[in-house]
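A.B. asks: Below is one structure. I have some questions about it.
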Amino acid sequence: MNRIELREILAGNPWFRDLPQTLAEGILSEGRVRRFEDQAIFRTGDEANGVFALLSGQIRISQTTSEGRAALLMVATPGAWFGESSMLDGKTRSTDAAAIGKTTLLQIDRAGFARLTRNNPEHYAPFVQILGDRYRKALDHIVHTSGLPLAVRLAQRLGELGRGHGRKEGGGIVVDLRLSQEELAGTLGVSRQTVNKALKDFERKGLIAVGYASTTLLKPAALEKLAKAEVSLPSDVG
């Protein structure tokens, strides 16, 4: 992958497009293309090994709660950046990042990140901005979903996954993320058993079909209405 191709992919993210030219060029110079397939990029407790940009494929970011439950935080798409938190505060990783299928990343390792920022303190600000934007989105999500019934929140989450990571097939959308029910439950703040019950209810109503490694949104429009609480909610789903 040459420099022009790298720039085009990274420019798909407004964050990169708005960077000072010196930082953008520095990222292209310091970055190293890495390829992974169904493997960990880093795990909770690891020392920071760099900041990453996703060039192709998908990356799943998750966290394990104190009760031992896995919670999906983000599924990144090309152009997205991740791993900046530990690079900024010097602490160990607090999340797990794993490649889903064949994945290509641009990695700026610790030494490269130091070269980008050591003599240019203003280069820290854009990376801090990533954290700020993520924090603000998390707060907005909590405020707007905390009081909603589980069925609505589940429909919203499935819709988000479909829009960001699904592929159209017939009249539905297939989401191939190998997302466990435990991880999905963690994003909704409920138990795996509770989300399993809700998914089965969606299946009975013909909204989705759950496979071994994928979920098919059979009626995306109906899910979207449910996500907006425009239809009556099934009493047995919460």
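The values are calculated or read from the model by the stated rules, or taken from the named source; none is laboratory data. Please read all numbers here as calculations on a predicted model, not as lab measurements. Counting neighbours? That spans all protein chains shown, and the Cβs are built from the backbone with ideal geometry, glycine included. For the accessible areas, the whole protein counts, side chains as well, though only heavy atoms, and no ligand, DNA or RNA atoms are used. Shrake-Rupley method; radii C 1.70, N 1.55, O 1.52, S 1.80 Å.
A.B. asks: Considering only protein heavy atoms, what is the solvent-accessible area of TRP81 at a probe of 1.4 Å, reported in Å² to the nearest 10?
C.D. replies: Approximately 10 Å² for this residue.
A.B. asks: Considering only the other residues whose Cβ falls under 10 Å of the Cβ of ASP46, what net charge follows from Lys and Arg at +1 and Asp and Glu at -1?
C.D. replies: It works out to a net charge of 0.
A.B. asks: Cα axis of helix 192-204 to longest principal axis of the chain: angle in degrees, 0 to 90, nearest 10?
C.D. replies: 60 degrees
A.B. asks: Rank by packing, highest mean first: peptides 16-23, 171-178, with packing defined as the count of other Cβ atoms within 10 Å averaged across residues.
C.D. replies: 171-178, 16-23
A.B. asks: Counting only other residues whose beta carbon sits under 14 Å from that of VAL174, what net charge do I get with K and R as +1, D and E as -1?
C.D. replies: In short, +3.
A.B. asks: Can you give the angle from 0 to 90° between the axis of helix 150-165 and the longest principal axis of the chain, with both taken from C-alpha atoms, to the nearest 10?
C.D. replies: Between helix and principal axis, roughly 50 degrees.
A.B. asks: For the chain, what ratio Rg/Rh do Cα atoms give with a Kirkwood hydrodynamic radius?
C.D. replies: Rg/Rh for the chain comes to 1.00.
A.B. asks: Which of the lysines could a cross-linker span from LYS228 if the Cα-Cα distance has to be under 20 Å and same-chain partners fewer than 8 positions apart are dropped?
C.D. replies: In chain and number order, the partners are LYS137, LYS205, LYS219.
A.B. asks: Hey, another quick one. From the Cα gyration tensor of the range 70-141, with a ≥ b ≥ c the square roots of its eigenvalues, which class applies: rounded if a/c is under 1.5, or else prolate if a/b is larger than b/c, or else oblate?
C.D. replies: Note, shape of the range 70-141 comes out oblate.
A.B. asks: Okay, moving on. So who's got an amide H within less than 5 Å of the one on GLN58, skipping anything under 5 residues away but keeping other chains? H placed 1.01 Å off N, in plane.
C.D. replies: Those lying under 5 Å, H to H, from GLN58 are ILE100.
A.B. asks: Counting Lys +1, Arg +1, Asp -1, Glu -1, what net charge surrounds LEU72 among other residues with beta carbon under 12 Å of its beta carbon?
C.D. replies: 0
A.B. asks: So for each of 49-57, 1-9 I average, over its residues, the number of other beta carbons within 10 Å; can you give me the resulting order with the highest mean first?
C.D. replies: 49-57, 1-9
A.B. asks: How would SER191, SER94 line up by accessible area, probe 1.4 Å, largest first?
C.D. replies: Listed by decreasing accessible area, they come as SER94, SER191.
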